[in-house]
Amino acid sequence: MKAAVLHAVNDLRVEIVPDPSPGPNETLVRVQACGVCSSDVHRVTRDGTYRFPTIIGHEYAGRDESGRLVAVYPLIPCDACEQCRAGRFQCCANYNYTGSRCDGGFAELVRIPRRNLVPVPDGVSPQEAAMTEPAAVGVHAMRAAKMKTGDTVLIIGSGTIGLIAAQTACAMGAARVIPMDVAEERLAIARSLGFAEAANSRGAAEALGPIGDVVVEMVGLSATYNLAIDLAKSGGTVVFTGNIADDLTIPRKRVSTILRKELTILGTWNSTALRPAGATNQSGAEPTDWEMTLRLQAEGKIDLKPLISHNIALDALPETIARMASGKETFGKVMVSV
């Protein structure tokens, strides 16, 4: 099969490799679409993967052995640690992960446990289904915030996940949703999705003041973590979701703000998709983040298509990642057809 294999940092090759062989409780998925995450760019150009060689890619969807379209949850839990026993598989202490710890989705075929397959409802395309992974991160953050109908929600960071979180907030009944970013290109996309109040985050604390019932940080910088605290109203909730890129420093005065406003500060990680081994989604059970994400897409309550800026073939992936790493062009979600 053809696959994009990372042999070393800055050594990504599209080549022919042996087809994977599924083991017990595993199956093969024939990949139809796989999205490029910023973490893929970092793995190729800076960080590497946990071993070499590795087929990268963790945002993907394809056809299972019966021909059914499925989204693939990339996290493979150990099922033995305390968090797994509690059903918090996204917090597994000893997880495997396709695309970084084992082979992933930039390939014609992927070997994956059957339980990691999430059926895609009618009306959702393979490309949209492939965006379930980043979309569910935004959904997970909004659900963790326990947002109430009528709340004002601020989203700091208007990339793919941030704009999905903003759409989710609307679907959950927010009265006012304000996506924020420093990039005007991203704010333009936010406005095209109907967010007329999309605002530049520079000077936002002074321009808006503490108005957020819920403030979600999606960037991962010390400055934006602090901005989230400033924008939350008394009794509000701050959700830290962006992977921190530098040391976080919170000045003493801002710590006093946290105390005086009695803020709830949460951290979220990944998303929920799995149930205990052997369990099924019985009627009336609480949906996982992945099930909710796909349902919101099928119902037209979130629209991921405008977030896709580039469609490329697998052979173009090494060059495209190099262009993304250069910072000379603006990219939304890059989708690879396999």
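The values are calculated or read from the model by the stated rules, or taken from the named source; none is laboratory data. Just so it is clear, the structure is predicted and the values come from calculations on it, not from any experiment. For neighbour counting, all protein chains shown are included, and Cβ atoms are generated from backbone atoms with ideal geometry for every residue, glycine included. Remember, those area values only see protein heavy atoms, side chains included, never the ligands or the DNA or RNA. Shrake-Rupley method; radii C 1.70, N 1.55, O 1.52, S 1.80 Å.
Yes or no, residue by residue, for (1) surrounded by 24 or more Cβ atoms within 10 Å (Cβ to Cβ); (2) modelled with pLDDT of 95 or more; (3) of a type in the set (Lys, Arg); (4) on the phi > 0 side of the Ramachandran plot:
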{"residue": "Cys91", "(1), (2), (3), (4)": "no, yes, no, no"}
{"residue": "Tyr97", "(1), (2), (3), (4)": "no, yes, no, no"}
{"residue": "Glu108", "(1), (2), (3), (4)": "no, yes, no, no"}
{"residue": "Ile112", "(1), (2), (3), (4)": "yes, yes, no, no"}
{"residue": "Asp122", "(1), (2), (3), (4)": "no, yes, no, no"}
{"residue": "Ser125", "(1), (2), (3), (4)": "no, yes, no, no"}
{"residue": "Met131", "(1), (2), (3), (4)": "yes, yes, no, no"}
{"residue": "Gly138", "(1), (2), (3), (4)": "yes, no, no, no"}
{"residue": "Ala166", "(1), (2), (3), (4)": "yes, yes, no, no"}
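Looking across Leu248, Leu266, Leu274, one residue alone is touching a residue at least 40 places away in the same chain (Cβ under 8 Å), out of contact with any Asp or Glu (no Cβ under 7 Å at 6 or more places or on another chain) and open to solvent by 30 Å² or more (accessible area, probe 1.4 Å). It is Leu266. Which one is surrounded by the most Cβ atoms within 10 Å (Cβ to Cβ) among residues in the range 150-162 that are out of contact with any helix residue (DSSP H, G or I) (no Cβ under 6 Å at 6 or more places or on another chain) and either at negative phi or hydroxyl-bearing (Ser, Thr, Tyr) (or both)? Of everything passing the filter in the range 150-162, Gly162 is surrounded by the most Cβ atoms within 10 Å (Cβ to Cβ). From the list Glu185, Glu197, the lone residue that is modelled with pLDDT of 95 or more, open to solvent by 10 Å² or more (accessible area, probe 1.4 Å) and over 21 Å from Met292 (Cβ atoms) is Glu197. Tell me, yes or no, whether the range 54-67 has at least one residue that is among the acidic types (Asp, Glu), surrounded by 20 or more Cβ atoms within 10 Å (Cβ to Cβ) and farther than 30 Å from Ala205 by Cβ. Among the residues of the range 54-67, at least one is among the acidic types (Asp, Glu), surrounded by 20 or more Cβ atoms within 10 Å (Cβ to Cβ) and farther than 30 Å from Ala205 by Cβ, which makes the answer yes. Residues that are touching an Asp or Glu at 6+ places or on another chain (Cβ under 7 Å) and either assigned to a helix (DSSP H, G or I) or among the aliphatic types (A, V, I, L, M) (or both) were ranked within the range 4-30; the one that is surrounded by the most Cβ atoms within 10 Å (Cβ to Cβ) is Val29. Across the range 156-184, the number of residues qualifying as acidic (Asp, Glu) and within 23 Å of Thr132 (Cα to Cα) comes to 1. Within the range 110-139, residues that are within 19 Å of Ala4 (Cβ to Cβ) reach partners that are acidic (Asp, Glu) and open to solvent by less than 10 Å² (accessible area, probe 1.4 Å) with beta carbons closer than 7 Å, at six or more positions or on different chains, in the pairs Ala130/Glu59; Met131/Glu59; Glu133/Glu59; Pro134/Glu59. Scan (1) at pLDDT below 95; (2) open to solvent by 80 Å² or more (accessible area, probe 1.4 Å) for the single condition Arg260 breaks and write down its number. With respect to (1) at pLDDT below 95; (2) open to solvent by 80 Å² or more (accessible area, probe 1.4 Å), Arg260 is out only on (1).
Okay, residues lined up against (1) assigned to a loop (DSSP other than H, G, I, E, B); (2) modelled with pLDDT of 95 or more; (3) of a type in the set (Phe, Trp, Tyr):
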residue	(1), (2), (3)
Ala273	yes, yes, no
Ser283	yes, no, no
Glu286	yes, no, no
Met292	no, yes, no
Leu296	no, yes, no
Pro306	no, no, no
Ile312	no, yes, no
Pro318	no, yes, no
Val334	no, yes, no
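Here is the figure for the range 311-333: residues that are out of contact with any helix residue (DSSP H, G or I) (no Cβ under 6 Å at 6 or more places or on another chain) and under 21 Å from Gln127 (Cα atoms) total 9. Taking the listed residues Ala61, Ala80, Ala33, the one that is at pLDDT 95 or above, farther than 20 Å from Ala316 by Cα and either of a type in the set (A, V, I, L, M) or part of a loop (DSSP other than H, G, I, E, B) (or both) is Ala80, with no other qualifying. The residues of the range 79-89 that are open to solvent by less than 20 Å² (accessible area, probe 1.4 Å) and under 18 Å from Ala136 (Cα atoms) amount to a single one, Phe89. Among the residues making up the range 286-336, a single one is open to solvent by less than 40 Å² (accessible area, probe 1.4 Å), within 25 Å of Trp269 (Cα to Cα) and of a type in the set (Gly, Ala, Ser): Gly332. All of Val70, Val44 fail the test of being under 24 Å from Thr272 (Cα atoms), within 21 Å of the chain's Cα centre (by Cα) and open to solvent by less than 30 Å² (accessible area, probe 1.4 Å), apart from Val70.
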